[in-house]
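The structure appears right after this line, and notes come after that.
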Amino acid sequence: MDYLKNMLLWGVVMVLVVAGMAAAAGEAGAGPVPIIFDTDMGNDIDDALALGLIHTLQTRGECRLLAVTLSKDNTWAGPFVDMVNTFYGRGEIPVGVVRGGVTPEDGSYLRQTLETKAPGGQPAFTYDLKKGEDAPDAVTVLRQALAGQADQSVVMVQVGFSTNLARLLDSKPDTASTLSGMDLVRHKVRLLSLMGGAFVEKDGKPGREYNIIMDIPSAKKLFEEWPGEIVASGFEIGEAILYPAQSISLDYRYVPQHPLRVAYESYMNFPYDRPTWDLTSVLYAVRPERKYFGLSPAGQIIVEPDSGVTRFIEKADGKHRYLRADDQQCRRVAELFTHLCSQPPSGFKGTDVAK
């Protein structure tokens, strides 16, 4: 309950204080990109790496993480996010959780990482949120985070199911904002950078992607009703850019136990190289001008209600695009990910190295 009270208080502070900061930044010109990260943390390891990537980009002054919301309905997902945020020195960042969502199973790295012990037997990692049930609802956190921001400033990064953002669109005015969810998104959100769908056929057949098919109604609603721009990173992009096991083994040794390394090694039989699906949406959200990826023409992404297949229809006035990447871009981004994800937290002064 203490965590919930603290987060509610933090939400009020955000509305009153951050609004002024955001407005000042807007007047001064381009500043750190305000990011909201919506994730199904625990279903795949790329979510954890993507959160680490956000923290590195914030340390570099390129973005500012406003909140993290969970679309995976598991009690350990919220605490894991709070633990990673705390490791990077930002344990105050609000965490919201889905109620009545999908994929309630534990997965293979959430609880395992949280319960990791240091050599002396004490917990290796610290965090305040002990179970997801103590966190506020995801839509509440989304509304609070958006309400305090300058108009057309926020970039939403969704790398899981569309449950929370679809519910946000249906949300009513509350103490955070007098705007409906639809109007709040229309006023505050500049871009939705989304990992979902598949836009390259395999063997002549359209692809069905996990984030879409696990909550087809929400994904369909999102693509039909989201009032602003959407850039989707399809399955084929992350599949072509692998995060190397060698980096996990060698680049995170600046601490005896690193949460991303522990989680990665717990997720599957290590060593393995894993696709970077979710990281691509984070990178585009913060650095769209760097030409790491190509873009499709403007158009509309359609989710088929029975199969969850995503189809793209080119339209000159369309608000949807999807990422493209050639071999050279894939190599460039893969190398970039290893450097950024493994960067030590701000102010790190340790000298111990893991064995």
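Using R₀ = 35 Å, calculate the FRET efficiency as 1/(1 + (r/R₀)^6) where r is the Cβ-Cβ separation of Arg253 and Gln300; round to 0.05.
0.15
Along the positive direction of the dipole of the chain (beta-carbon charges: Lys, Arg +1; Asp, Glu -1; about the Cα centre), which of Ile230, Gln158, Pro244 reaches farthest?
With unit charges placed on the Cβ atoms, the residue in question is Pro244.
Could you run the Karplus curve 6.51 cos²θ - 1.76 cosθ + 1.60 with θ = phi - 60° over the range 166-181 and give me ³J(HN,Hα) per residue in whole Hz, x for Gly and Pro?
Running phi through 6.51 cos²θ - 1.76 cosθ + 1.60 with θ = phi - 60° gives 5, 5, 4, 4, 8, 6, 9, x, 8, 5, 6, 7, 7, 8, 5, x Hz.
Can you tell me what share of the DSSP beta bridges in the chain is antiparallel? A percent to the nearest 5 is fine.
The antiparallel proportion sits near 30 percent.
With the cut-off at 1.5 for a/c, could you classify the chain from its C-alpha gyration tensor as rounded, prolate or oblate?
rounded
Under a 5 Å amide H to amide H cut-off, with H placed in plane at 1.01 Å, what residues pair with Arg324 once short-range neighbours are removed?
The answer is Gly294, Leu295, Ser296.
How big is the gap, in Å, between the Cα center of the range 192-215 and the Cα center of the range 136-158?
Going from one Cα centre to the other spans 26 Å.
Tyr243's amide H: which non-local residues (gap 5+, or another chain) put their own amide H closer than 5 Å, with H modeled 1.01 Å from N in plane and none for Pro or chain starts?
For Tyr243, whose amide H was placed from the backbone, the distant partners under 5 Å are Arg274, Thr276.
Filter the GluC sites (Glu not before Pro) in the range 162-226 down to the DSSP loop ones having no more than 15 other Cβ atoms within 10 Å, then list what survives.
Glu201
Express in nm, to one decimal, how much length is gained between Lys315 and Tyr272 on full extension, taking 0.36 nm for each residue of separation and deducting their alpha carbon distance.
11.5 nm is the gain from fully extending Lys315 to Tyr272.
Calculate one ³J(HN,Hα) per residue across the range 278-288 by plugging θ = phi - 60° into the Karplus curve 6.51 cos²θ - 1.76 cosθ + 1.60, and present them in order as whole Hz with x for glycine and proline.
Working through the residues one at a time gives 6, 5, 5, 5, 5, 4, 5, 4, 8, 10, x Hz.
Mind listing the long-range amide H neighbours of Ala67? Cut-off is under 5 Å, sequence gap 5 or more, other chains count too, H placed in the peptide plane at 1.01 Å from N.
Here Phe37 satisfy the definition.
Quick check on my link table: of Lys72/Lys220; Lys72/Lys205; Lys221/Lys291; Lys221/Lys315; Lys188/Lys315; Lys220/Lys315, which ones sit more than 21 Å apart, alpha carbon to alpha carbon?
Lys72/Lys205; Lys221/Lys291; Lys188/Lys315
Bear in mind that the values in this text are calculations on the coordinates, not laboratory data. Just so you know, these numbers come straight off a predicted model, no measurement behind them. Positions of Cβ are generated from backbone atoms using ideal geometry, with glycine treated the same way; all protein chains shown enter the neighbour counts.
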